[in-house]
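Written out below as structure tokens is the structure these notes cover.
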Amino acid sequence: MVQTARTQVAIIGAGPAGLLLAHLLHLAGVRSVVLENRSQQYIEERIRAGLLEQGTVDLLIECGVGERLKRESLVHHGIELRFGGRGHRIDLTALTGGRTVTIYAQHEVIKDLVKARLDAGGEIRFEVSDVSVHDFSGPTPRVRYRESGAERELACDFIAGCDGFHGICRESIPAGVLTVYDHHYPFAWLGVLTETPPVSPELIYTHHERGFALFTMRTTRVSRLYLQCTPDEDLANWPDDRIWEELRARLGTDGGVNLREGPILQKGITAMRGFVVEPMQYHRLFLAGDAAHIVPPTGAKGLNLAVADVRILARALAAHYAGRGMDLLERYSATCLRRIWRAQRFSWWMTTLLHRFPGEGPLRTRLQLAELDYLVHSKAASTALAENYTGLPFDD
Ligand code: APR
Ligand code: PHB
């Protein structure tokens, strides 16, 4: 016998999108159950992005999950653009009337959200399998899954597909409904987490003839470093020595580089892709976060976009349950997509500006350098960068 339970919103996926949605719904008095196929430990240790826009930080604090964030995060007022062997600072705060960005690892956000849900008696079902979604084109959607070998069913009013890029929700929408926009960039990032103090208090984005490099951090003792590499790169070709040598070469300025080597804690390859589906909803199934869109990581927008989506979805669901109708829910996709496309454009622009394109001649390089030169010397151009980088308004 299949055991059936009931909730108002069934949320598939305990990433930032699913967990924050569950928390925001709880604050609005809406019940939900989160179904996650990985373990709690796995999601709390998974190394992902780490840069939060001002609006993301404000929202996390406002909704009561920002205590540790306020204590442990690193607030940044500027970034450095390094090219032609010299560094140039972009004063984000001065250019945006006081806005900042914040370094706080995604898995720390996850820990804070899981704790908030569990402390409030919320239901997150970890390590479930065979999740499938049904009947969402009518008023009584259902989710089926297996837990500890037993088959279960969750009856609900709405399903939130927060199950990331490889999830099942997007694929469950009938063929022909979604328009897919997909672009693969001809390079990837090799990401390294290392126990070494940051070489600089601010992030450094480097344009270099050997390829892009990004210096960022997680704490005052742990650095996160990225190197442009080929999309099919084999990690075996990157012993630690080669990583340090390459970082030293790309981050070096005319004055040298004070990069200190330390133990490498983790290495991985991140593909570079731009992906959007339209619309992000089908009757009572709503997609949010990576399930609906992927940006190349250059502008650090992935996590921030997921947060923006669920903020809008939570408000729309809360309005519905408060008796204010389906209006906001019907506009969910259009509201999200406007900001998503602007973030997609910004991520594409930053990616194209800073990476070496294989097979292309020196003309592109000269154009990139001319644009970088303009960017750091024109207040108008730096302001456009700063506005987008610290995060466009939610605007809903
Ligand atoms: N059933 C249940 N859970 C699933 C399934 C499934 N079939 N498929 C995937 N999941 C879970 C994943 O294990 C993961 O925990 O869904 C979650 C999706 O989380 P994320 O991939 O983190 O996606 P999202 O919450 O949209 O966060 C956006 O921003 O920094 C970027 O890509 C980065 O994770 C990041 C994201
Ligand atoms: C990160 O800290 O992982 C990070 C920061 C900025 C980016 C991308 C990644 O643009």
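The values are calculated or read from the model by the stated rules, or taken from the named source; none is laboratory data. Please read all numbers here as calculations on a predicted model, not as lab measurements. Counting neighbours? That spans all protein chains shown, and the Cβs are built from the backbone with ideal geometry, glycine included. Just the protein is used for accessible areas: all its heavy atoms, side chains included, with ligands, DNA and RNA removed. Shrake-Rupley method; radii C 1.70, N 1.55, O 1.52, S 1.80 Å.
Filter segment 66-92 for residues that are touching a Leu at 6+ places or on another chain (Cβ under 8 Å) and outside any strand (DSSP E or B); which is surrounded by the fewest Cβ atoms within 10 Å (Cβ to Cβ)?
The qualifying residue surrounded by the fewest Cβ atoms within 10 Å (Cβ to Cβ) is GLY84.
Restricting to segment 127-139, give me the number of residues that are within 16 Å of ligand 1 (Cβ to nearest atom) and open to solvent by 40 Å² or more (accessible area, probe 1.4 Å).
Total meeting the criteria: 4.
Restricting attention to segment 93-115, report how many residues are within 17 Å of ASP58 (Cα to Cα) and open to solvent by less than 40 Å² (accessible area, probe 1.4 Å).
Total meeting the criteria: 14.
Could you check segment 96-119 and list, in sequence order, the residues that are within 20 Å of the chain's Cα centre (by Cα) and among the hydrophobic types (A, V, I, L, M, F, W, C)?
Scanning segment 96-119 gives VAL101, ILE103, ALA105, VAL109, ILE110, LEU113, VAL114.
Pairs please, first residue from segment 160-188 and open to solvent by 20 Å² or more (accessible area, probe 1.4 Å), second anywhere and acidic (Asp, Glu) and part of a strand (DSSP E or B), Cβ atoms under 7 Å, 6+ apart in sequence or on different chains.
Every condition considered, the pairs that remain are LEU178/GLU278; THR179/GLU278.
Within segment 1-25, take every residue that is at pLDDT below 95 and polar (S, T, N, Q) and give me the one that is least open to solvent (accessible area, probe 1.4 Å).
Once the filter is applied, the top-ranked residue is THR4.
Taking segment 374-395, which residues are without any contact (Cβ under 8 Å) to a residue 12 or more places away in the chain and either in a helix (DSSP H, G or I) or buried (at least 20 other Cβ atoms within 10 Å of the Cβ) (or both)?
TYR374, HIS377, ALA380, ALA381, ALA384 - these are the residues of segment 374-395 that are without any contact (Cβ under 8 Å) to a residue 12 or more places away in the chain and either in a helix (DSSP H, G or I) or buried (at least 20 other Cβ atoms within 10 Å of the Cβ) (or both).
Quick one: which of GLU202, GLU195 is within 16 Å of ligand 2 (Cβ to nearest atom), open to solvent by 60 Å² or more (accessible area, probe 1.4 Å) and in contact (Cβ under 8 Å) with a residue 24 or more places away in the chain?
GLU195
Just one of ARG146, ARG142 is at pLDDT 95 or above, open to solvent by 40 Å² or more (accessible area, probe 1.4 Å) and within 14 Å of ligand 1 (Cβ to nearest atom); which is it?
Being at pLDDT 95 or above, open to solvent by 40 Å² or more (accessible area, probe 1.4 Å) and within 14 Å of ligand 1 (Cβ to nearest atom) holds for just one of ARG146, ARG142, which is ARG146.
Can you find a residue in segment 246-254 that is within 16 Å of ligand 1 (Cβ to nearest atom) and either under 24 Å from the mean Cα position of the chain (by Cα) or of a type in the set (S, T, N, Q) (or both)?
No: zero hits.
If the requirement is being open to solvent by 20 Å² or more (accessible area, probe 1.4 Å), under 22 Å from GLY167 (Cα atoms) and away from ligand 2 (no atom under 14 Å from the Cβ), which of these qualifies: SER32, SER39?
One residue alone meets the criteria, SER39.
Out of everything in segment 357-373 that is over 14 Å from PHE83 (Cα atoms) and either open to solvent by less than 60 Å² (accessible area, probe 1.4 Å) or within 25 Å of the chain's Cα centre (by Cα) (or both), what residue ends up being modelled with the lowest pLDDT?
Filtering first and then ranking leaves GLY361.
Return a yes/no flag: does segment 311-321 have any residue that is over 16 Å from the mean Cα position of the chain (by Cα), within 16 Å of ligand 2 (Cβ to nearest atom) and at pLDDT 95 or above.
no
For segment 46-59, which positions are at pLDDT below 95 and out of contact with any Ser or Thr (no Cβ under 8 Å at 6 or more places or on another chain)?
ARG46, ILE47, ARG48, ALA49
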